[in-house]
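Down below is the structure, laid out as structure tokens.
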Amino acid sequence: MLLYQMHELGRAWMAPTTYWAEANARMFSSPGSWLSNLPFAPRVAAGYELLYRVGKDYEKPAFGIHSVEKAGRTYPVVEREVIRTPFCRLQRFKRFSDETDGVVDLKDDPTVLVVAPLSGHHATLLRDTVQTLLRDHKVYITDWVDARMVPKEDGAFTLDDYVATIETFIRHIGAQSLHVISVCQPTVPVLAAVSLMAARGEPTPRSLVMMGGPIDSRESPTAVNTLATQKPLWWFEQNLIHIVPANYPGRGRRVYPGFLQHMGFLAMNPERHVMSHWDFYQDLVKGDQEDAEAHRRFYDEYNAVLDMPAEYYLDTVRVVFQDHLLPRGQWDVGGERVRPGAIRGTALMTIEGELDDIAGLGQTRAAHRLCTGIPEADRVHLTAKGAGHYGIFSGRRWRNEVYPQVRDFIAKHDAAAAG
């Protein structure tokens, strides 16, 4: 149980070396430094920067979305907090215009809530998702808080609490005019939240778009699914759950630490990451700053991880990956049975990547089998050819192939509901 403390000790021990490497990288690369004129300076500077980036801490990046292009115009975008709970912030990306016709152009756009995964990375991993959606939508997103920053006095956070949080956000925005997009892990709690609201007779969103999530992880199981089923729940609790050290606000809280999750991410494709760093070194030596900067941007995001609350993580392993309670119709949340068949007035779109190695083919599509109350005409499935897990919500395939179909699906059902 001292692993987290040992990690912090190692991080503190490495800090002087990291600062030293950063300073040397600058001295051997800065145009104003005489050291940069030495014949071997590019290789020395590249080696020091690589050492710096391997050893540095990666803080949560900013979304950094300040404007959006729409119909040939540029609209300023301001990010603001709408609701805050101890474990999540509901953020809105508000578009502005000083021109009357610009305001008219924006005000009738559909409203979208993007539910980001709470599975290791920050919500900023969906930056490209949000930036693209802003062309044609009013956009909200769930911005989950690093559990090590939440005081222990704020209590536990379970999978049931996650479901309740989504319900609260949907009600606050207004379900009658809302479309919900869930990416990866949140497909399960989002489907639960909307199912419970429907069963109570509450208004539900106009549409649900579910992307690459484990609705039924028994379909085409991946390495992630296999690990969860090969080990008993107590193994995860004993080996992956640790105590937040005293140097964080959440000291004493039980979490699945971000650094352990990061090790798992790297272990899935170690050769690819080694080659990526070698290519980064070579780009620096050659002076290819464009490719080097692309590497920095990617790993600034990829290496920034958060701690997950232990209760939530263990609940997810048990409910989603071991007992498959949702597809088996046996999941109770807060004493209420989750019945996706109760959903009636909400359209459903599921999206999977052909090459997804995290949520296998059929896992997200299983939502159609469960949502029996939604007419066939209001249900759509898309398999993105050649796309991996990240390709369905970020990058060229998302922008050029997936997004146009998501946009048209939302527009169709927004118009139908409004009519």
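The values are calculated or read from the model by the stated rules, or taken from the named source; none is laboratory data. Computed from a predicted structure; not experimentally measured. Quick reminder, even Gly has a Cβ in these numbers, built from the backbone with ideal geometry, and neighbours come from all protein chains shown.
Assorted remarks:
- Restricting segment 184-238 to residues that are polar (S, T, N, Q) and under 21 Å from the mean Cα position of the chain (by Cα), the residue that is nearest to Arg328 (Cα to Cα) is Ser217.
- Residues that are touching a residue at least 40 places away in the same chain (Cβ under 8 Å) and not acidic (Asp, Glu), drawn from segment 313-328: Tyr313, Leu314, Thr316, Val317, Arg318, Val319, Val320, Phe321, Gln322, His324, Leu326, Pro327
- Within segment 217-229, residues that are at pLDDT below 90 have Cβ atoms under 6 Å from residues that are outside any helix (DSSP H, G or I) and among the hydroxyl-bearing types (Ser, Thr, Tyr) in these pairs: Asn225/Ser217, counting only partners at least 6 apart in sequence or on another chain.
- Tabulated pairs, segment 1-29, first closer than 28 Å to Met308 by Cα, second among the charged types (D, E, K, R) and surrounded by fewer than 16 Cβ atoms within 10 Å (Cβ to Cβ), C-beta under 9 angstrom, 6+ apart or interchain: Arg11/Asp57; Ala15/Asp57; Thr18/Asp57
- So Ala342, is it more than 23 Å from the chain's Cα centre (by Cα), surrounded by 17 or more Cβ atoms within 10 Å (Cβ to Cβ) and either under 21 Å from Gly264 (Cα atoms) or of a type in the set (Gly, Ala, Ser) (or both): yes
- When Ala367, Ala377 are checked against the criterion of being in a helix (DSSP H, G or I) and exposed (fewer than 14 other Cβ atoms within 10 Å of the Cβ), Ala377 stands alone in meeting it.
- Of all the residues in segment 270-312, those that are acidic (Asp, Glu), farther than 30 Å from Asn37 by Cα and in contact (Cβ under 8 Å) with a residue 60 or more places away in the chain number 3.
- Here is the figure for segment 12-28: residues that are touching an Asp or Glu at 6+ places or on another chain (Cβ under 7 Å) and either farther than 17 Å from Arg296 by Cβ or basic (Lys, Arg) (or both) total 0.
- When segment 76-122 is filtered for residues that are within 16 Å of the chain's Cα centre (by Cα), crowded, with 21+ Cβ neighbours inside 10 Å and without any contact (Cβ under 8 Å) to a residue 60 or more places away in the chain, only Gln91 remains.
- Across segment 252-282, the qualifying residues are those that are within 25 Å of the chain's Cα centre (by Cα) and charged (D, E, K, R), and the one among them that is surrounded by the most Cβ atoms within 10 Å (Cβ to Cβ) is Arg253.
- Condition check for Pro151: in contact with a Ser or Thr (Cβ under 8 Å, 6 or more places away or on another chain), assigned by TED's automatic domain parsing to the domain that holds His172 and not polar (S, T, N, Q): no
- Checking Pro186 against (1) surrounded by 22 or more Cβ atoms within 10 Å (Cβ to Cβ); (2) touching an Asp or Glu at 6+ places or on another chain (Cβ under 6 Å); (3) not hydroxyl-bearing (Ser, Thr, Tyr), the condition it does not meet: (2)
- Residue match in segment 392-415 (condition: aliphatic (A, V, I, L, M), surrounded by 20 or more Cβ atoms within 10 Å (Cβ to Cβ) and outside any helix (DSSP H, G or I)): no
- Checking each residue of segment 352-363 against the condition of being of a type in the set (Val, Ile, Thr), modelled with pLDDT under 95 and under 15 Å from Ile215 (Cβ atoms) gives at least one match.
- Val103 meets the conditions (1) more than 12 Å from Tyr140 (Cα to Cα); (2) at pLDDT 85 or above in every case but one. The failed one is (2).
- Selection of segment 61-75 for residues being over 24 Å from the mean Cα position of the chain (by Cα) and of a type in the set (D, E, K, R) yields Lys70, Arg73.
- From the options Val82, Val78, residue that is outside the structural domain of Ala292 (by TED's automatic domain parsing) and within 23 Å of Glu301 (Cα to Cα): Val78
- Within segment 381-391, the set of residues being part of a loop (DSSP other than H, G, I, E, B) and among the aliphatic types (A, V, I, L, M) comprises just one member, Ala387.
- Taking segment 348-364 as the range and being in a strand (DSSP E or B) and of a type outside the set (S, T, N, Q) as the test, the residues that pass are Leu348, Met349, Ile351, Glu352, Gly353.
- Leu2 farther than 30 Å from Lys152 by Cβ, in contact with a strand residue (DSSP E or B) (Cβ under 9 Å, 6 or more places away or on another chain), at pLDDT below 90 and not hydroxyl-bearing (Ser, Thr, Tyr): no
- So Ala71, is it small (Gly, Ala, Ser) and on the phi < 0 side of the Ramachandran plot: no
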